[in-house]
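**Q** Submitted below is the structure of interest, expressed as structure tokens.
The values are calculated or read from the model by the stated rules, or taken from the named source; none is laboratory data. All figures in this text were calculated on a predicted structure; none of them were measured in a lab. Cβ sites come from the backbone with ideal geometry, for glycine too, and all protein chains shown count toward neighbours. Just the protein is used for accessible areas: all its heavy atoms, side chains included, with ligands, DNA and RNA removed. Shrake-Rupley method; radii C 1.70, N 1.55, O 1.52, S 1.80 Å.
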Amino acid sequence: MKLIPKSLLPNKDYYLPLLKQLETLFQEMDRTYTKVADQYGFRCNGCIDNCCLTRFYHHTLLEYLYLKEAMDKFVPDRLQMVREQAMKSSRQMEEADRTGRSVRVMCPLNQAGRCITYRHRPMICRLHGIPHELHRPDGRIIKNPGCDAFFDQCRNSGKSDYIPFDRTPFYRQMVMLENELRQHARAIGKIKLTIAQMLVMIVDEIHIPKPYRQDQ
Ligand code: SF4
């Protein structure tokens, strides 16, 4: 399956400026996150309950294309390795869903504890961890207490009084950029993909040479 409609592919000159704007937005997210995390004294050092083991879903074509920009630079061997790992992860998740088990599957981009596309990682990988709030269009405010590592580090040291971290403006800007992109990608419906699913599609979009394909 391909995610990018043919109508968008020739328009790289159109969507690259949008990816630049996405990069600026991600930098703003990173700065805001770091400022609040520093106030708590929270450091994400990786942990047993690693968030790269969490099954996050991603919903924007923007993040897909941004990840693809990083992977366009991978050599075929590396692309094939990532694709195989992504296929394996997807099969493990599908099997768990079929049998009703819960399973923690490491993200295929986490190699030896490090994200190999760190600069191009999606939004949720940047925002996960510290307590936050989200203002819904119906006026409700959703609050989240943060991850287990946050509890361990900050609650135990008494530094867990909530410091405002509102994700709403970031989500709004993402929606605006995504809407602008989708004006040129009318064939795209709703997106709900894990990283592993995105990776298989991206590698297939890149068309790695046939000799490297071992699953066809
Ligand atoms: S993209 Fe990177 S940061 Fe996000 S889950 Fe995968 S390895 Fe972790």
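**Q** Expressed as a rounded percentage, what relative contact order does the chain have, with Cα pairs under 8 Å and six or more residues apart?
**A** Rounded, it is 38 percent for the chain.
**Q** Assuming R0 = 30 Å, what is the FRET efficiency of Ala96 and Tyr118, from their Cβ-Cβ distance, to the nearest 0.05?
**A** After rounding, the FRET efficiency stands at 0.65.
**Q** Now for a separate question. Between beta-carbons, use under 14 Å as the cut-off and find the net charge around Asp97, counting Lys and Arg +1, Asp and Glu -1.
**A** It works out to a net charge of +4.
**Q** Per q in 0.13 Å⁻¹, report the Debye log10 I(q)/I(0) for the chain, using one uniform scatterer on each alpha carbon and no solvent.
**A** -0.85
**Q** Could you work out the helix-only [θ] at 222 nm for the chain, with each DSSP H run of four or more residues adding -39,500 (n - 2.57) and the total divided by the number of residues, to the nearest 500 deg cm²/dmol?
**A** The helix-only estimate for the chain comes to -14500 deg cm²/dmol at 222 nm.
**Q** Note down the accessible area of Ile124, probe 1.4 Å, to the nearest 10 Å².
**A** For Ile124, solvent-accessible area is about 30 Å².
**Q** Please arrange Met71, Met87, Met176 by accessible surface area, largest first, computed with a 1.4 Å probe and ligands excluded.
**A** Met176, Met87, Met71
**Q** Cα-Cα over 19 Å: which of Lys20/Lys68; Lys35/Lys68; Lys68/Lys192; Lys12/Lys192; Lys12/Lys88?
**A** In this structure, Lys35/Lys68; Lys12/Lys192; Lys12/Lys88 exceed 19 Å between Cα atoms.
**Q** By how many nm would the segment from Asp166 to Glu84 grow when fully extended, if each residue of separation counts as 0.36 nm and the alpha-carbon distance is taken off?
**A** 25.8 nm
**Q** Once a ≥ b ≥ c are taken as the square roots of the eigenvalues of the Cα gyration tensor of the range 34-125, is the result rounded (a/c under 1.5), prolate (a/b larger than b/c) or oblate (a/b not larger than b/c)?
**A** Verdict is oblate for the range 34-125.
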